[in-house]
Amino acid sequence: MTIRTGSCLCGARAYEIDGDLDGVWVCHCSLCRKASGSVGNAILIVPLDRFRWVKGADHGVTFALPSGYPVTRCRTCGTPLPAETDETNVYVTAGTLDVPLGKGVRTHLFCASRADWDRDEADVRYFEARSTGGGVS
């Protein structure tokens with residue numbers, strides 16, 4: 001069986017997922033944009049019985065916002081973390097995977113709420129790697 005691993009930026013929190021996943025879901029609602037600071041939240045929907053914390057389960061902090069929208073982050077580095085928001089699934093932030101997924105985006109949600117800048121310009125530029133030191137990939 002495939003086991004995928006993931007963690008926060010500082011490594012204080014880590015998890016494992018058993019089995020294959022069917023792809024990434026991207027939510028473009030205004031709450032997800034605010035929580036991520038980007039185009040929205042990219043998540044993997046994982047059945048609860050296939051997800052487990054292997055390190056730092058007590059190292060997260062959840063912010064319960066007035067809207068009822070919870071945001072869970074690492075208490076050291078602030079990485080957005082998987083949130084167990086219903087009784088059957090864990091919503092895993094796709095960017096926290098440590099290994100390739102082998103799948104792409106499967107579903108876009110709340111597209112009518114997409115930010116007007118969430119698109120490529122005709123002359124968009126792509127860079128394959130960081131152009132100056134730092135070792136970031």
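Of note:
- Take the Cα of S30, step 7 Å toward its Cβ, do the same at E16, and the gap between the two points is 4.3 nm.
- Just checking the listed ones, R106, R125, R75: in the Gaussian network model of the chain with Cα springs under 10 Å, the one fluctuating most is R125.
- One decimal place: the segment D120-C77 gains 12.5 nm when fully extended, by the rule 0.36 nm per residue minus the C-alpha distance.
- Projecting label points 7 angstrom from Cα along Cα→Cβ for E87 and A129 puts them 5.1 nm apart.
- Electrostatic dipole magnitude of the chain [Cβ: Lys, Arg +1; Asp, Glu -1; Cα centre; debye, to 20]: 340
- Residue of T79, T96, T88 that the Gaussian network model of the chain assigns the largest fluctuation, springs spanning Cα pairs under 10 Å: T88
- Order of I45, I17, I3 - criterion: other Cβ atoms within 10 Å of each residue's Cβ, fewest first: I3, I45, I17
- In the chain, helices alone account for a calculated mean residue ellipticity at 222 nm of -1500 deg cm²/dmol, with every DSSP H run of four or more residues adding -39,500 (n - 2.57).
- Around I17: net Lys/Arg minus Asp/Glu count, Cβ-Cβ under 9 Å: +1
- The spacing between the stretch 94-115 and the stretch 16-82, judged by their C-alpha centroids, is 12 Å.
- Calculated FRET efficiency for the pair K103/A64, C-beta based, R₀ 35 Å, to 0.05: 0.65
- D (Stokes-Einstein, µm²/s), Kirkwood Cα radius, the chain, 0.890 mPa s at 25 °C: 151
None of the figures in this text is laboratory data; all of them are computed from the coordinates on show. Because the structure is a prediction, the values reported are computed rather than measured. Every residue, glycine among them, receives a Cβ derived from its backbone with ideal geometry; neighbour counts consider all protein chains shown.
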